[in-house]
Amino acid sequence: MKDMIDNCLAANTPFCMIQKQDSEEVLILSGEAFEFDEIDQIPRVNKNTNGEKRFDTISVIPFCQVKERGYQTHDDGEKILTIRIQQQYEILSNALIEILPSEEISLMQEIAYDSSEEEYEKVIQSIIEDEIGNGEGANFVIPRNVKGHIANFGAKKAFSIFKSLLINDYGTYWKFIFYNGDRFFVGSTPERHLYVGEGRVKMNPISGTFRKDKNWTLRKHFKKDLLTFLKDQKEINELFMVVDEELKMMAKMCGKGGAIVGPLLKEMSQLIHSEYLLSGESDKDIFELFRDSMFAATVVGSPVENACNIIHRYSQNSRRYYGSALMLVGQDKDKRDFLDSPITIRTVEIDKTGKLNIAVGATLVRDSKPSEEVRETQAKSAALLRSITQTGDKYAREPLLTKLQNDDEIVETMVQRNQNLSNFWFFKQEKPLTIQNGNKSVSVTIIHNEDDFVYMLQHIFESFHLKIDIVSYRDYDYSRDKSDITLVGPGPGNPNNSDSPKIAKLMSITKQLLDHKKKSIFVCLGHQILCKVLGFEVPRKKIPHQGVQEKINYFGEEEIVGFYNTFVPRVSDLSKSYDISFGKEKDEQVAIRSDHFIGFQFHPESILTKNGYTILKESLQYILAYQK
């Protein structure tokens, strides 16, 4: 063990040291370094575990790996950096801290952001006005890059940074140092990206940030400020949006069902975050699951595919390894594959010359305040920057949440967040109901319009024992669609942009469905296209409804539903020909139906729609009752 640690400290071998959340031990892994271009090239070792848990590889995945999902990205040739593990050992954290060096760090080049506060505020404003304001998505994460140059850099200085994090930071999912013989990655990341083990799949979307930037001398003052944060609708909606986005991934990955746990609070040295736990069951291969999860909405935006397009447009350079993930792979004592993957945030990358790179971002939503988002990026980078500039010092504040442990008002405030959310997603989904068309199973074609909400729709439909086929709008051919029902799904885009090939194709599809009186459902963008084809105007809303929950009169019943829209159909004389539901604004059509179709401006599949399961069930039964 001593030789192994000595080799790591001297940087004579590629290694990784990991302290996982709430663990008193640090896992030390060492082995041989490799570089790969694709996830599937990472070796699967299949060791004899001898009844013990064994680790096969540890990898740092670049953000540009989203190209494996066909997403747009800046790619500067970053490789997957992998260590094939030959030795593993656990040591008590306190014992390792005694061994690790404490070297003072001086800078050849001062640590500085690559954009000024004013420049970053302009980017934020453009995102809000030009992207969210034009229906391109609900939220986006555009990072700021921090650069610097450590003088006389060597392994001891990298270990000094790691030691500082071990001493000072707490509540994070992983604290780690990774060295592949070429560069170091040192981080203290708060967020689990993906865990797969024993048939369980887990994700932890985190959003909403409370800055510990005051000296609260009295418990009641801290409680007052924390309650203000917990009741802040902007922070609440921000978390709901990323939960919806990661539920899309979970619905795609976990065909056996799952459930949401939370909300929870996670406290670290500089911040307190709100989060949920998403837990499901899957028998898919761990690499397939990881690829489907690239990458978390909390560091990309939603919908993820178009968020990648927006990041590509607004960021001139590659993200390198920011906002992606590490990936620890191995086998448990029963020889089953497992994967543990934290998000690469609050992480510094340092090359052999001492040049360092840190990226930090804020989740930008429709009601973001640019100055506040700038402050959030500064708070998020504070712990990591202190570990560089104040090595050897103990600077962390004591945890504050312990002062409010089991406080009734805090607990009640947290639980109240779930009161108007969809029950379907908070409990393990069995298969309680079978919907049939006569004596045969019902088949549904879902048209994918670049938003993975379709997988949540699929998950709900499959709970009714329906047969589902998901097809991209690009590949859809009406003549080959033999399903009982066709659903035109949600997605980014301006329904009035006739120059868009996507919008033109959706208009053509919708006309065919209506002309042939095909039983059809239309959701969000699909609803807008439906109303355009029917002759309604679909103007832009004054304020986008991205991630907004609203009470509506839904065909005579009061319902609480979730919206992700920037455009909405207007009521007109044509409305008299259809059954219409109105929104809070009485001139907006938020649902429409005739004998063979129904359209929703809201998302019945979202956690924001309280009775979405029932709405979809009754809609299916309504449409199936139609006879040509």
Single match in 5, 28 (criterion: within 30 Å of the chain's Cα centre (by Cα) and surrounded by 14 or more Cβ atoms within 10 Å (Cβ to Cβ)): 28
Those residues of segment 263-274 which are of a type in the set (A, V, I, L, M, F, W, C) and in a strand (DSSP E or B), in sequence order: 264, 265, 271, 272
Verdict on residue 132 being touching a Lys or Arg at 6+ places or on another chain (Cβ under 6 Å) and closer than 30 Å to residue 568 by Cβ: yes
Among the residues listed as 148, 208, the single one being closer than 30 Å to residue 100 by Cβ, modelled with pLDDT under 90 and in contact with an Asp or Glu (Cβ under 7 Å, 6 or more places away or on another chain): 148
Residues satisfying the stated conditions in segment 57-79, i.e. surrounded by fewer than 19 Cβ atoms within 10 Å (Cβ to Cβ) and within 17 Å of residue 194 (Cβ to Cβ): 68, 69
Boolean, residue 50 is assigned to a loop (DSSP other than H, G, I, E, B) and modelled with pLDDT of 75 or more: no
Hits in segment 495-517 (condition: in a loop (DSSP other than H, G, I, E, B) and crowded, with 19+ Cβ neighbours inside 10 Å): 495
Residue count, segment 142-156 (criterion: within 30 Å of residue 297 (Cα to Cα) and either in contact with a helix residue (DSSP H, G or I) (Cβ under 7 Å, 6 or more places away or on another chain) or outside the structural domain of residue 365 (by TED's automatic domain parsing) (or both)): 3
Flag if residue 83 is assigned by TED's automatic domain parsing to the domain that holds residue 176, modelled with pLDDT of 90 or more, outside any helix (DSSP H, G or I) and closer than 30 Å to residue 311 by Cα: yes
Test: residue in segment 18-32 that is on the phi < 0 side of the Ramachandran plot, among the charged types (D, E, K, R) and modelled with pLDDT under 85: no
Verdict on residue 163 being of a type outside the set (Val, Ile, Thr) and under 27 Å from the mean Cα position of the chain (by Cα): no
Close pairs (7 angstrom Cβ cut-off, 6 or more residues apart or separate chains): under 15 Å from residue 147 (Cα atoms) in segment 339-368, acidic (Asp, Glu) and part of a strand (DSSP E or B) anywhere: 356/349; 357/349
Residue that is surrounded by the most Cβ atoms within 10 Å (Cβ to Cβ), among those in segment 240-274 that are out of contact with any strand residue (DSSP E or B) (no Cβ under 7 Å at 6 or more places or on another chain) and under 20 Å from residue 174 (Cα atoms): 270
Test set (1) in contact (Cβ under 8 Å) with a residue 24 or more places away in the chain; (2) more than 23 Å from the chain's Cα centre (by Cα) - residue 523 fails condition number: (2)
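Listed here are the residues, each with its yes/no results for (1) farther than 30 Å from residue 216 by Cβ; (2) free of Cβ contacts under 8 Å to residues at least 60 places away in the same chain.
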{"position": "228", "(1), (2)": "no, yes"}
{"position": "285", "(1), (2)": "yes, yes"}
{"position": "295", "(1), (2)": "yes, no"}
{"position": "331", "(1), (2)": "yes, no"}
Of all residues making up segment 80-98, the number that are more than 31 Å from the chain's Cα centre (by Cα), surrounded by 14 or more Cβ atoms within 10 Å (Cβ to Cβ) and of a type in the set (A, V, I, L, M): 3
Within segment 93-123, tally of residues that are at pLDDT 85 or above and part of a loop (DSSP other than H, G, I, E, B): 7
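Okay, residues lined up against (1) surrounded by fewer than 22 Cβ atoms within 10 Å (Cβ to Cβ); (2) in contact with a Lys or Arg (Cβ under 6 Å, 6 or more places away or on another chain):
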| position | (1), (2) |
| --- | --- |
| 158 | no, no |
| 165 | no, yes |
| 172 | no, no |
| 181 | yes, no |
| 197 | yes, no |
| 211 | yes, no |
| 216 | yes, no |
| 232 | yes, no |
Residue selected from segment 275-289 under the condition in contact with a strand residue (DSSP E or B) (Cβ under 6 Å, 6 or more places away or on another chain) and in a helix (DSSP H, G or I), by the criterion farthest from residue 258 (Cα to Cα): 286
Entirely in segment 538-599, the strands (runs of 3 or more DSSP E) that have 1 or more residues that are closer than 18 Å to residue 495 by Cα: 540-554, 557-567, 589-593
Residues located in segment 573-628, provided they are buried (at least 16 other Cβ atoms within 10 Å of the Cβ) and among the basic types (Lys, Arg): 593, 610, 617
Residue in segment 227-248 that is out of contact with any Ser or Thr (no Cβ under 6 Å at 6 or more places or on another chain) and part of a strand (DSSP E or B) present: no
Residue list for segment 386-399, restricted to those being out of contact with any Leu (no Cβ under 6 Å at 6 or more places or on another chain), buried (at least 19 other Cβ atoms within 10 Å of the Cβ) and modelled with pLDDT of 70 or more: 386, 388
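The values are calculated or read from the model by the stated rules, or taken from the named source; none is laboratory data. Fair warning: this is a prediction, and the values are worked out from it, not measured in the lab. Using ideal geometry, Cβ is built from the backbone for each residue, glycine included, and neighbour counts are taken over all protein chains shown.
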